[in-house]
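Working notes, beginning with the structure itself.
The values are calculated or read from the model by the stated rules, or taken from the named source; none is laboratory data. Predicted model, so just to flag it, every value in this text is computed and none were measured. Cβ sites come from the backbone with ideal geometry, for glycine too, and all protein chains shown count toward neighbours. Quick note on the areas: whole protein, heavy atoms, side chains included, nothing else; ligands and nucleic acids left out. Shrake-Rupley method; radii C 1.70, N 1.55, O 1.52, S 1.80 Å.
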Amino acid sequence: TVEVRRFDRPGIGGEGGGNRAPAGSGSKDSEEVAAYWASLSTVRSSDADLDHLFAAARRQLPVAVDRRGRMDGSIWQYNLEWVRDQSHVAEALVRLGDTTKARTILTRLLEEFVSPEGDTVDSGVRRGDDDVELDQNGELLAALATFVDWTGELEVVGDRWERVRALATFPLQERFRHRPSGLLHNRREYWERHSVHGIEDGFELMSQFFVALGLERAAGLAEALGESGDAAAWKEAARELKETLLHHPTWALVEEGHLIKRRGTDGTWQRTIRMVSPQGLPLAIPLLQEGAHYLDPDASSALPIAHGFIDPRGVLARATLQHLEGLWNASWEGGGYGRYHYTSEPDSPGAWPFASLFIARAYAEAGEDDKVWRILRWLRSTQGGGAGSWFENDGPRMAPPYPQVGITPWSWAELITLFVHHLLGIRPDAEGVTIRPRLLEGLEEMEARIPLRGHRMRVRVRAAGPGEEAHADGLRLPLPARDTDVEVLC
């Protein structure tokens, strides 16, 4: 690997990097700080647990990122950074109304965490072809498009278009393309297991999905900037990837009616892995025990549903969500979903809060309110729920080398996106804003103040009363030209 970290070693909190004032200027003036917090999105509902979860995420995510846009992937645990984590955090921050911090994160990622060739940094390093995290390219492209949708600030990408172009085209190079399928292959999976853990050369669902999603979103940015050649090429590449991964008779990442995690370059469904030697890991980890070590189900399979990449209420989504139920209480009690089948875990088995929120987002889109409630009630009641600050893994960790000391900011980002994008359904684009809320069963109403394009939208969502007609398809509105009040009936 080649070290390309440009932040201070050994940590990420070096001189000048503190977060003395959330407003981002470094001022200690109390009025400025109060104004900052008053500027952020607010969400209130008729349920105290929901209000607690959103308030915890709102208060904590902004201060996990310093004024230079740096963030520990798990506070006190890693002292490292990932394009993946910070892309999702930037999306959440712009939905929260902190466009300054979101912009800082995204410009820093483009300038410092994407090489001129277009590969991305994870855990502070660039990696070889077998181990590069191709999904990160798509995640950053999608985050950039989300930022532009919410702010209208095209210059963030326009001023760095050559880097954006490199980011988009890097995964499409022949060294990653499998022929005849056209899918992207290497030996790195979404949760960072690789050849040492038994991952074979093949196609990872998240690599295909996020690259296709990112290219689709980046094509819209290209069109807005007049880069018609890039737009056409990226649309076609995204279409081909999506068509193959969902529908190809040999290479589709679908088996038994549901999405699967991984397929080998020979077309075989890679169902299991085997670790040849302990590699210094604790001997008690599940991956070193006797028996089969399964890759599926995997919580990341919920993300194509959450993003609407497949019909959330279609047959494939329903079968995939049913398959994912095998991760709930997989080898523990107390609730929560594991990140993947516990038998292939090279760490401690247990529930993962942000992975559970992947599934909550998918269930929200699928209209399965009972499952969304189950996940949110579990988050509220499990370890860390009182403070709204969760460890990466909810359960005892094996040590050494796995001390449980880290709080993962990504969980707060997933909560904010669940509330704003899915439950409130606020989805701006270049032409307008769609508000398509999901009022969970049992909720009487939700009310929010959301900053959008320099104005505030006050959105009230409530159940339709007698004689009132619900907005079945939500509302489609122009982009706000002033502060606006909107009421949506469900």
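Express in nm, to one decimal, how much length is gained between Arg239 and Asp483 on full extension, taking 0.36 nm for each residue of separation and deducting their alpha carbon distance.
Numbers: separation 244, 0.36 × 244 = 87.84 nm, distance 3.79 nm.
Here the answer is 84.1 nm.
Please state the equivalent ellipsoid semi-axes for segment 72-143: what are the square roots of 5 times the Cα gyration tensor eigenvalues, largest first, in whole Å? Intermediate results must be reported in sequence, preceding the final value.
Details: eigenvalues 84, 42, 20 Å².
Semi-axes (√(5λ), whole Å): 20, 15, 10.
Where the centre of each part is set by its Cα atoms, how far does segment 132-194 sit from segment 33-59, in angstrom?
Taking the Cα centre of each part, segment 132-194 and segment 33-59 sit 32 Å apart.
Roughly what would the spin-label model give for Ser228 and Glu192, points 7 Å off Cα along C-beta, in nm?
4.4
Could you list log10 I(q)/I(0) for segment 166-211 at q = 0.24, 0.28 Å⁻¹, which the Debye formula gives when each Cα is one point scatterer?
Listed by q, the Debye log ratios stand at -0.89, -1.08.
So if R0 is 22 Å, what FRET efficiency would Glu200 and Leu288 give, r being the distance between their Cβ atoms, rounded to the nearest 0.05?
Numbers: r = 19 Å, r/R0 = 0.85.
Computed FRET efficiency for Glu200 and Leu288: 0.75.
If you consider only alpha-carbon coordinates, what radius of gyration and Dmax does segment 360-462 have, in Å?
In order Rg, Dmax, the Cα atoms of segment 360-462 give 16.6, 53 Å.
Give me the one-decimal nm value for the distance between modelled label points at Arg274 and Ser123, 7 Å along each residue's Cα-to-Cβ direction.
2.5
Please report the relative contact order for segment 412-490, taking Cα pairs under 8 Å with a sequence separation of at least 6, and give it as a percent rounded to a whole number. Walk me through the intermediate numbers first.
On the way: 143 pairs, mean separation 23.0, N = 79.
Normalised by residue count, the contact order of segment 412-490 is 29 percent.
On average, how much accessible surface per residue is there in segment 403-490, in Å², for a 1.4 Å probe, leaving out ligands, DNA and RNA? Please list the in-between numbers first.
On the way: 3920 Å² over 88 residues.
About 45 Å² of surface per residue is accessible.
All other residues with a Cβ under 14 Å from the Cβ of Ala317 taken together, and with Lys, Arg as +1 and Asp, Glu as -1, what is their net charge? Walk me through the intermediate numbers first.
On the way: positive: Arg313, Arg318, Arg361, Lys371; negative: Asp311, Glu325, Glu365, Glu368.
For residues surrounding Ala317, the net value is 0.
DSSP H helices in the chain with Cα extent of 15 Å or more along the helix axis and mean Kyte-Doolittle hydropathy at least -1.0? Each step should come with its number before you reach the end.
Details: long enough: 48-60 (18 Å, -0.39); 83-96 (19 Å, 0.02); 135-151 (24 Å, 0.21); 205-224 (29 Å, 0.97); 228-247 (28 Å, -0.59); 353-366 (20 Å, 0.80); 369-381 (18 Å, -0.82).
TM-like helix candidates: 48-60, 83-96, 135-151, 205-224, 228-247, 353-366, 369-381.
Which percent of the accessible area of the chain is formed by carbon and sulfur heavy atoms (probe 1.4 angstrom)?
The nonpolar share, carbon plus sulfur, comes to 48 percent.
Give the accessible surface of segment 37-160 per residue, rounded to a whole number of Å², with probe radius 1.4 Å and ligands, DNA and RNA excluded. Provide the component values of the computation, followed by the final result.
On the way: 3430 Å² over 124 residues.
Ligands and nucleic acids excluded, the figure is 28 Å² per residue.
For the chain, what is the number of Lys pairs with C-alpha distance below 26 angstrom, counting only pairs 8 or more positions apart or on separate chains? Write out the running numbers ahead of the final one.
On the way: Lys28/Lys101; Lys235/Lys261; Lys242/Lys261; Lys261/Lys371.
Lysine pairs, 8 or more places apart or on different chains, close enough: 4.
Tell me, what is the FRET efficiency for His248 and Asp311 to the nearest 0.05, using R0 = 25 angstrom and their Cβ-Cβ distance as r? Could you put the intermediate results ahead of the total?
Values: r = 18 Å, r/R0 = 0.73.
The pair His248/Asp311 has a calculated efficiency of 0.85.
Quick one: of the DSSP bridges fully inside the chain, what percent are antiparallel, nearest 5?
Values: 37 of 43 bridges.
If I count the DSSP bridges inside the chain, around 85 percent turn out antiparallel.
In Å², what does the accessible area per residue of segment 183-265 work out to with a 1.4 Å probe?
Numbers: 2830 Å² over 83 residues.
That works out to 34 Å² for each residue.
Determine, from the Cβ-Cβ distance of Gln383 and Ser331 and an R0 of 22 Å, the FRET efficiency 1/(1 + (r/R0)^6), rounded to the nearest 0.05.
On the way: r = 17 Å, r/R0 = 0.77.
Given R0 = 22 Å and the Cβ-Cβ separation, E is 0.80.
So for the chain, what are the equivalent ellipsoid semi-axes in whole Å, largest first, each being the square root of 5 times an eigenvalue of the Cα gyration tensor? Intermediate values should be presented prior to the final figure.
Details: eigenvalues 205, 135, 128 Å².
For the chain, the ellipsoid semi-axes come out as 32, 26, 25 Å.
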